[in-house]
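Written out below as structure tokens is the structure these notes cover.
Throughout, read-outs are computed from the coordinates displayed, never taken from laboratory work. These figures come from a predicted structure and were not determined experimentally. As a convention, Cβ positions derive from the backbone with ideal geometry for all residues, glycine included, and neighbour counts pool all protein chains shown.
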Amino acid sequence: YHKLKEVVFVIQSQSNSFHSKRAEDLKRDILKQTADLGKELPTVLLIHQMDRHEGAWTILPLMRDFSVAYGRNSSWIFFCEEDTRIQVVKLLEILRRFDTSKEWFLGKALHDEESTIIHHYAFAENPTVFKFPDFAAGWALSIPLVNKLATKLKSEPVKSDFTIDLKHEGSSIALYIWQKGDGPHLTPVPEFCTGDVNSDRVDQCATTFSNFLPLCGEPVKKEDVFVAVKTCRKFHGDRIPVVKQTWEREAALIEYYSDYRDISIPTVDLGVPNTERGKLLTVGSLSQVTVIFRLRKLLSCYDPNEPVFLGERYGYGLGTGGYSYITGGGGMVFSRTAVQRLLASKCRCYSMDAPDDMVLGMCFSGLGIPITHSPLFHQARPMDYPKDYLSHQIPVSFHKHWNIDPVKVYFTWLAPNTEEALNGKKVEFNREDL
């Protein structure tokens, strides 16, 4: 029989005020449910508060701390996101099914639909073989596995220079446990769910997920969002028409920044030549398909007086004193305050072909301004993500025109329909396979 105090809850939280408040609300809810049962209160940790490691959000660097602090008096570490909702009694019932003296890796299983660049084409023969957890549903590691990983990570740290976004970190963690740790495959737990609290199966679920687009009051005014699109001459003919056909009309203020002035578009020539590797210091990329209306709703939850740097978070050299950054492909959002702080600093591009998104990450890291991650920005195409993962999202952007019709992606996945535009409700889209 598990006592609740043997479960350590870890909320994958962030320091931005909007996100930390949501994580604190979830912590209060877990503790209140426990107090109502008359049980001894469990430990509930917020990752952003234990972030001695720049890479704490990637989870594996924390295994040593977990092992030292909880390796002797706990049975499980249970991880969840700030919008995961937990039925504490049901969760305990589920964990009781597993022998805590053994190594367990529990979660809602996701797998790639096809071999994808996000996972560097691992398991190319049969991508469905490899299962990794959907963090939104919550996932758990038994303490024997945590202790084993802590020991393993000491002798074999995670090698990768680049850490890609956390939903794929789920797969990195699964891969490390399986390959390096000689540990177990993910055991799927059907009661870890990502439907919302009104879904049909909610009675069987120990976890649910709040999958509405966040809206905090009125959407940000169109005129308060300046959209900068970076391009270069070779894409003026094929990619700019896609933007004009799809999301340009949603933007009140938009400029196209290029290495060539073209008055028919019109573009602004920055006087900086294009390089095949580097990019211009701006917000959106031309090969991105985005939706400004949803972005305006999302931004209503952020305080423009805080230095906000928002998008899909990646990491570089996190194991060796590196930094997190927002990947340019999914789009980067800066509050006015963040831009002012950046301009006032002496941080500049160190070479013509330096990747702009990484330089920005380095600059903000040096300024002590944290990255704010949103899973609604996407560095890849819809087909590069598990269907089940996208099913509990209202996406804001996708990226890349390779082997797809970007106009079709926009109208299938992103175009706001009348109902959504009127009342901001979650809308079920008819999404054909792209």
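Numerical summary
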{"quantity": "Residue-wise HN-Hα coupling along the range 348-361, computed from phi with Karplus coefficients 6.51, -1.76, 1.60 (Hz; x: Gly, Pro)", "calculated": "9, 4, 8, 7, 4, 9, 5, x, 4, 5, 6, 4, 4, x"}
{"quantity": "Stretchable slack from Thr151 to Ala35, in nm (0.36 nm times residue separation minus alpha-carbon distance)", "calculated": "38.3 nm"}
{"quantity": "Phi to ³J(HN,Hα) by Karplus 6.51 cos²θ - 1.76 cosθ + 1.60 over the range 252-260, Hz, x for Gly, Pro", "calculated": "7, 10, 9, 10, 9, 9, 9, 9, 8"}
{"quantity": "Relative pair counts by distance (%), Cα atoms of the range 319-395, 10 Å bins", "calculated": "16, 43, 27, 13, 1"}
{"quantity": "Simple spin-label estimate for Asn403 and Thr100 in nanometres, 7 Å along Cα-Cβ", "calculated": "4.6"}
{"quantity": "Taking the range 1-80 and dividing mean pair separation by its residue count, relative contact order in percent (alpha carbons under 8 Å, at least six apart)", "calculated": "49"}
{"quantity": "Long-range amide H partners of Thr267 with built H, under 5 Å", "calculated": "Asp262"}
{"quantity": "FRET efficiency, Asp262 to Asp196 (Cβ-Cβ, R0 41 Å, nearest 0.05)", "calculated": "0.35"}
{"quantity": "Cα-Cα P(r), the range 300-340, percent of pairs per 10 Å interval", "calculated": "29, 42, 26, 2"}
{"quantity": "Antiparallel %, DSSP beta bridges [both residues in the range 298-401], to 5", "calculated": "80"}
{"quantity": "Cut-off under 5 Å, modelled amide H: who pairs with Glu81 long-range", "calculated": "Gln12, Gly138"}
{"quantity": "Separation of the Asp182 and Val68 label points, Cα + 7 Å toward Cβ, nm", "calculated": "2.6"}
{"quantity": "Net length gained if the chain between Asp269 and Asp303 were fully extended (0.36 nm per residue, minus Cα distance)", "calculated": "9.1 nm"}
{"quantity": "Rg followed by Dmax, in Å, when the range 1-102 is reduced to its Cα trace", "calculated": "13.6, 39"}
{"quantity": "For the range 4-18, Karplus couplings with θ = phi - 60° (6.51, -1.76, 1.60), whole Hz, Gly/Pro x", "calculated": "4, 5, 8, 9, 9, 8, 10, 8, 7, 9, 9, 7, 3, 4, 4"}
{"quantity": "Glu93-Met352 FRET efficiency (beta carbon distance; Förster radius 56 Å; 0.05 resolution)", "calculated": "0.40"}
{"quantity": "Long pairs among Lys108/Lys148; Lys39/Lys148; Lys39/Lys152; Lys230/Lys387; Lys27/Lys90; Lys234/Lys400, criterion Cα-Cα beyond 25 Å", "calculated": "Lys39/Lys148; Lys39/Lys152; Lys230/Lys387"}
{"quantity": "Extension gain from Glu218 to Lys234, taking 0.36 nm per residue of separation minus the Cα-Cα distance", "calculated": "1.9 nm"}
